[in-house]
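Nothing in this text is a laboratory measurement; each read-out follows from the coordinates by a stated rule. Predicted model, so just to flag it, every value in this text is computed and none were measured. Methodologically, a virtual Cβ is constructed for each residue, glycine included, from the backbone with ideal geometry; neighbour enumeration extends over all protein chains shown.
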């Protein structure tokens with residue numbers, strides 16, 4: 001992904017379409033099939049990981065189901081606007097949401113005026129997991145996390161950082177980092193990871209915390225400076241970036257990973273849920289998918305609908321406890 005735009009997702013989709021011709025990956029037979037165009041709602045701007053997942057899934061569904069599959073970006077309010085749009089569709093299997101940790105877990109406890117509830121959404125399968133990364137504009141004169149903490153304290157809250165939206169994992173990762181280190185900075189919220197990265201590269205903000213899966217190529221190219229990852233361990237794709245928790249005693253308990261997966265409206269017939277789950281499993285088993293995910297610094301994360309539902313419930317509970325402990329609440333929008 002040389003350029004930070006949706007072409008990378010489209011290229012990835014084309015590569016995976018080529019993989020569909022491989023022996024052993026046969027077009028699914030029997031079961032539920034769509035009878036009209038499939039809408040894939042991405043509640044974020046183009047070029048982020050949520051968008052990439054939608055654009056990898058669309059050509060596979062179109063090829064295997066024989067109906068057009070269209071990706072629609074509906075960004076804003078930390079992904080809750082797109083999720084609300086998705087829930088206005090009929091629960092007939094023809095409208096899919098590519099969701100993530102923000103609007104499908106964190107938002108329920110963060111936002112006071114949520115426009116939907118967890119029971120309105122059926123988890124189908126997770127798709128990819130990966131850490132966030134702390135990234136700096138190259139002009140910032142620090143190279144280590146302890147130096148960054150000292151720099152933040154010297155600036156006394158005058159630095160700005162980009163997020164992919166209020167309540168997204170990058171936003172909460174930064175909030176937790178500031179609380180543990182006793183630092184301050186001002187969050188500048190964008191409508192997705194793509195616009196947030198563009199702002200960081202342009203120097204409109206000093207730093208960002210966002211998905212490594214979106215940012216890995218920009219870090220490698222030197223367009224932004226990677227400082228650390230938020231997961232418990234270093235990432236194989238960027239082994240020189242330390243895990244935050246290994247950099248300072250104050251961060252010893254720090255561990256955040258993010259995830260992206262597919263959802264359908266509640267009351268969608270079970271055959272449609274199982275059919276989509278099976279196609280996601282086929283996508284994640286493709287060697288081209290596994291290679292692409294590895295290049296992004298992520299790992300495939302397939303699960304059955306029951307497994308994914310249990311995972312999402314646990315994530316909602318985990319982030320609810322974190323937000324209650326920190327006393328952080330805000331309004332949507």
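Below, the figures for the structure above:
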{"item": "Residue among 49, 37, 214 with the largest mean-square fluctuation in a Gaussian network model of the chain, springs linking Cα atoms under 10 Å", "result": "37"}
{"item": "Cβ-based exposure ranking for 139, 109, 125, in which fewest neighbours within 10 Å come first", "result": "139, 109, 125"}
{"item": "Most to least packed among 131-138, 190-197 [average Cβ atoms within 10 Å]", "result": "190-197, 131-138"}
{"item": "For peptides 304-310, 289-295, 40-46, sequence by mean Cβ density within 10 Å, most packed first", "result": "40-46, 289-295, 304-310"}
{"item": "Cα-based Rg and Dmax for the stretch 108-158, where Dmax is the largest Cα-Cα distance (Å)", "result": "18.9, 47"}
{"item": "Ranking of 253, 51, 92, 210 by count of other Cβ atoms within 10 Å, fewest first", "result": "253, 92, 51, 210"}
{"item": "Bridge type composition, the chain - antiparallel percent by DSSP, nearest 5", "result": "60 percent"}
{"item": "Expected-Rg normalisation [2.2 N^0.38 Å, Cα atoms] applied to the stretch 230-333", "result": "1.35"}
{"item": "Radius of gyration, Dmax [the stretch 131-251; alpha carbons; angstrom]", "result": "12.7, 34"}
{"item": "The stretch 77-145 - Debye-derived log10 I(q)/I(0), Cα point model, q = 0.25 Å⁻¹", "result": "-1.20"}
{"item": "Kirkwood Rh and Cα Rg combined as Rg over Rh, evaluated for the chain", "result": "0.97"}
{"item": "For 127, 201, order by how many other beta-carbon atoms lie within 10 Å, fewest first", "result": "201, 127"}
{"item": "Helix-only [θ]222 nm of the chain, DSSP H runs n ≥ 4, -39500 (n - 2.57) each, per residue, nearest 500", "result": "-12500 deg cm²/dmol"}
